[in-house]
Amino acid sequence: MPRTRWVPKALCASAHCVVNTVPHPRQETLFILERAPLFGTKAGGVYQVIDNGGSGGSAPYLQNVITFPPEGAFIVDSSIITDGPQRTAFTFNSAKLKLPGGRALGLPPFGKGWFDNVYLDDTLRWVHAV
């Protein structure tokens, strides 16, 4: 199972938020990372933001991010719901490619799935995902 480290919560919008690095990317992420040189760049950080809501009435969300320094990023936004004591279900809502100069290209999102939190503490989160 992939190991995910927690990183500073300063990247989160609420106190109910976790930001994870993704050390073992999935096939879709690897596809993007391997093709970054075709666009004259290289991939930077790969991380995931999970916010279970509760801050100012915000809805729970999941955000997957691949950065392309110095200004670019590929961002996929998803809604999430708790579906049992360990399971979280997600549905992709939007995707965009942030380009240099503040431009962005919206892309059609597709897909949904779930992950089970197998282990969770202050330093690790292990999940089984599909």
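What follows draws every value from the coordinates through simple rules; no lab data is involved. Computed from a predicted model, the values in this text were never measured in an experiment. Virtual Cβ from ideal backbone geometry, glycine too; neighbours counted across all protein chains shown.
A few points about this structure:
- Scanning region 84-130 for residues that are surrounded by 14 or more Cβ atoms within 10 Å (Cβ to Cβ) and in a loop (DSSP other than H, G, I, E, B) turns up 86, 99, 109.
So that you can scan it fast, the table gives a plain yes or no per residue for (1) surrounded by 13 or more Cβ atoms within 10 Å (Cβ to Cβ); (2) under 17 Å from residue 98 (Cβ atoms); (3) of a type in the set (Asp, Glu):
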| site | (1), (2), (3) |
| --- | --- |
| 41 | yes, yes, no |
| 44 | yes, yes, no |
| 53 | yes, no, no |
| 60 | yes, no, no |
| 67 | yes, yes, no |
| 71 | yes, yes, yes |
| 76 | yes, yes, no |
| 82 | no, no, no |
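- Any hit, region 52-67, residues being under 17 Å from residue 28 (Cβ atoms), of a type in the set (A, V, I, L, M, F, W, C), part of a strand (DSSP E or B) and touching a Lys or Arg at 6+ places or on another chain (Cβ under 9 Å): no
Residue-by-condition table, conditions (1) among the hydroxyl-bearing types (Ser, Thr, Tyr); (2) closer than 21 Å to residue 115 by Cα:
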position: 36; (1), (2): no, no
position: 42; (1), (2): no, no
position: 50; (1), (2): no, yes
position: 62; (1), (2): no, yes
position: 79; (1), (2): yes, yes
position: 85; (1), (2): no, yes
position: 91; (1), (2): yes, yes
position: 96; (1), (2): no, no
position: 103; (1), (2): no, no
